[in-house]
1. Explain nothing, just compute: Karplus ³J(HN,Hα) = 6.51 cos²θ - 1.76 cosθ + 1.60, θ = phi - 60°, for every residue of segment A:171-187 in order, whole Hz, x for Gly and Pro.
2. Contact order normalised by length for chain A, with contacts defined as Cα pairs under 8 Å and 6 or more residues apart; what percent is it?
3. What is the set of long-range amide H partners of A:GLU50 at a cut-off below 5 Å, with H atoms built 1.01 Å from backbone N?
4. Tell me the net charge near A:GLY247. Cut-off is 11 Å between Cβ atoms, A:GLY247 excluded, with +1 for each Lys or Arg and -1 for each Asp or Glu.
5. Please arrange A:TRP75, A:TRP102 by counting, for each residue, the other beta carbons lying within 10 Å of its beta carbon, fewest first.
6. Determine which residues of segment A:75-93 fall in the zone a paramagnetic label at A:ALA24 would reach in this model, i.e. backbone nitrogen under 16 Å from the point 7 Å along Cα→Cβ.
7. Within 11 Å, Cβ to Cβ, of A:LEU137, how many net charges do the neighbouring residues add up to if Lys/Arg are +1 and Asp/Glu are -1?
8. Treating only the Cβ of Lys, Arg, Asp and Glu as charged (+1, +1, -1, -1), what charge dipole size does chain A show about its Cα centre? Round to the nearest 20 debye.
Amino acid sequence: MPELAEVETVARGLRPLAGRRILAVRFGKTDFITHPERIESLLPGRRLAEVRRHGKMLLFQFDPESPAPTPSPLWLIVHLGMTGQLVLHEAAAPAAPHTHVWFSLDDGRELRYTDIRRFGHMRLASPEELASLVAPLGADPLELTEAEFRRRLGKRKARLKALLLDQHVLRGLGNIYADESLWRARLHPMRQASDLSDEELTRLWRAIRVVVREAIRHGGTSISDYVDALGRQGSYQKRLRVYRRNGRPCPRCRSTIERQIVAGRGTHFCPRCQPVPRRASPRAPRPSRLASAKKMLHPAPRLR
DNA sequence: AAGATTACCTGAAGGC
DNA sequence: TGCCTTCAGGTAATCT
């Protein structure tokens, strides 16, 4: 699952494309793309100026066209969702199944977007649109100071697991690094942030930084679909301490790692190293079949 | 108004 | 063997 470390690895792999020009864009399915026709008409001929990561988003900045219908720079935003991949190929190479976007480059290669489940998003944005998309996001875990971390989490009543996954609190953590960080900090995922002592908050802040840095150093975690910009797997899956290791011994105390649903997500932890909070409400009661059968009237607009 | 839950999507895995 | 159900999780809409 592409989280901060995986997206960072992809961004680093694509950075050498700066200076290349897009010759053409082709699409497969476009139901995860906002205004594909704009991408098709505005990108060809443009030069890629810069590749950035913002949280889990990949940001590609394109030069403004010189005889200007659009005088400002243009941003292509790509979110990989769950199974999205952006991989460079020779133009002649056969396309993998579920490839939905082809960017032809001026060096004979293609940047292809593949996404089995199409939870990803793609759209063009003006600098103003980009600013408004990015505004609600929380702090980058790697740039975050301890004081800022305390300010953002210290008073919240939600469970730690929910807060770490909330992109409005921190941008870039997902299920893997949330669980790994909580294990490293020896904190139960159901603890309320506002109940943490100063020392525990510090432990969590440090743990997140260590885990994310370590994961980037190992090129991210390849559990199911994730590969980098050259199609290579990461290696952090070999270093996971708790994620998807339920039933196996905790690397710190040899107790058996458990798995439980917390904040709607599979959550992995060591019951001994990460003691249960005193008044952890066991589990919210399951809603009735009837209630969950209600359908949403409108499909969720994406990347807005 | 914060916190909790669910739909979206496809493939893999497990049950019978 | 094959059909069916469940599960995986990033995000945002919708609930409570």
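Just so you know, all these numbers are worked out from the coordinates, no wet-lab data involved. A quick note: this is a predicted structure, and the numbers were derived from the prediction, not measured. Note that we place each Cβ from the backbone using ideal geometry, even for glycine, and neighbour counts take in every protein chain shown.
1. My calculation for segment A:171-187 gives 9, x, 7, x, 4, 5, 6, 5, 4, 5, 5, 5, 5, 4, 7, 6, 10 Hz in order.
2. 18
3. A:GLN61
4. Result for the neighbourhood of A:GLY247: +3.
5. By the 10 Å Cβ count, ascending: A:TRP102, A:TRP75.
6. A:90-93
7. Surrounding charge for A:LEU137 is 0.
8. Rounded to the nearest 20 debye, it is 1820 debye.
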